[in-house]
1. Enumerate the helices (runs of 4 or more DSSP H) found wholly within segment 1-109, keeping only those where 2 or more residues are surrounded by fewer than 21 Cβ atoms within 10 Å (Cβ to Cβ) and at pLDDT 95 or above.
2. Taking into account only those residues within segment 128-142 that are of a type outside the set (A, V, I, L, M, F, W, C) and under 15 Å from the mean Cα position of the chain (by Cα), which is farthest from Gly87 (Cα to Cα)?
3. Residues of segment 110-120 being surrounded by 11 or more Cβ atoms within 10 Å (Cβ to Cβ) and over 18 Å from the mean Cα position of the chain (by Cα), which ones?
4. For the structure I just gave you, tell me whether Pro131 is part of a helix (DSSP H, G or I) and at pLDDT 95 or above.
5. Collect the residues in segment 113-136 that are out of contact with any Asp or Glu (no Cβ under 9 Å at 6 or more places or on another chain) and closer than 30 Å to Val2 by Cβ, keeping them in residue-number order.
6. Those residues that are in contact with a strand residue (DSSP E or B) (Cβ under 7 Å, 6 or more places away or on another chain) and assigned to a helix (DSSP H, G or I), I need them from segment 143-159; list them, please.
7. Is it the case that Asp176 is out of contact with any Pro (no Cβ under 6 Å at 6 or more places or on another chain), of a type outside the set (S, T, N, Q), without any contact (Cβ under 8 Å) to a residue 40 or more places away in the chain and under 20 Å from Leu19 (Cβ atoms)?
8. Can we say Tyr30 is touching a strand residue (DSSP E or B) at 6+ places or on another chain (Cβ under 8 Å) and hydroxyl-bearing (Ser, Thr, Tyr)?
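The values are calculated or read from the model by the stated rules, or taken from the named source; none is laboratory data. From a predicted model like this one, the values you see are computed outputs, not experimental measurements. Using ideal geometry, Cβ is built from the backbone for each residue, glycine included, and neighbour counts are taken over all protein chains shown.
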Amino acid sequence: MVLFATTNAEKVREAQAYLESAVEHFDFDYLELQSESLSEIAIHGAQESFKAAGGNQPVITDDSGIFIDDLGGFPGPYSSYIYHTIGLSGILTLLGDSDSHRAYFRTAIAYCSEDETVAFEGSIRGTIVPPRGTEGFGYDPIFEYNGKTLAEMNLVEKNAISHRGRALSKLASWLDNDPVEHRGVK
């Protein structure tokens, strides 16, 4: 069993669908480190959350960002703040008439226990489009991959290709002690 420290129940739902019953929600709002590195942010959050949870049970955290090519990678690690400040319409306004709406999502999942702290990253490349779909959360309605936005995919479809799903896959392999798939960043 691992605790997922986050205030975002949707992230927990995705992790539970991927890792099954091995994940329990730990509703904790850790102090987010300001950094350009998602792994560094996630690791800091996992270590703080592990201590806050009593230090008896492994904890995972997730830091994700959308990186838009024509905006120089913005909003990147500041995605949550930008989403809550200007929303999807603000991102589309910033893009305006730009030539390319190419972007990528990246996630770092950090795991912390008494013995170690590791991070696993996943990413997916796509395009920013006008909002479509009703599933998912955050930037999902404007991020298109292979003709569908993430908000047009059910949870199984999204987990199979998403940035978070790819990071969770690496975590799951590592937890199963699969050295071939162990691509953690210490």
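1. 38-52, 79-95
2. Per the stated criteria, the residue is Gly136.
3. Correct list: Ser113 only.
4. no
5. Ser113, Glu114, Asp115, Glu116, Thr117, Val118, Phe120, Glu121, Gly122, Ser123, Ile124, Arg125
6. Selection gives Leu150 alone.
7. On the way: out of contact with any Pro (no Cβ under 6 Å at 6 or more places or on another chain): yes; of a type outside the set (S, T, N, Q): yes; without any contact (Cβ under 8 Å) to a residue 40 or more places away in the chain: yes; under 20 Å from Leu19 (Cβ atoms): yes.
It is true that Asp176 is out of contact with any Pro (no Cβ under 6 Å at 6 or more places or on another chain), of a type outside the set (S, T, N, Q), without any contact (Cβ under 8 Å) to a residue 40 or more places away in the chain and under 20 Å from Leu19 (Cβ atoms).
8. Yes, satisfied.
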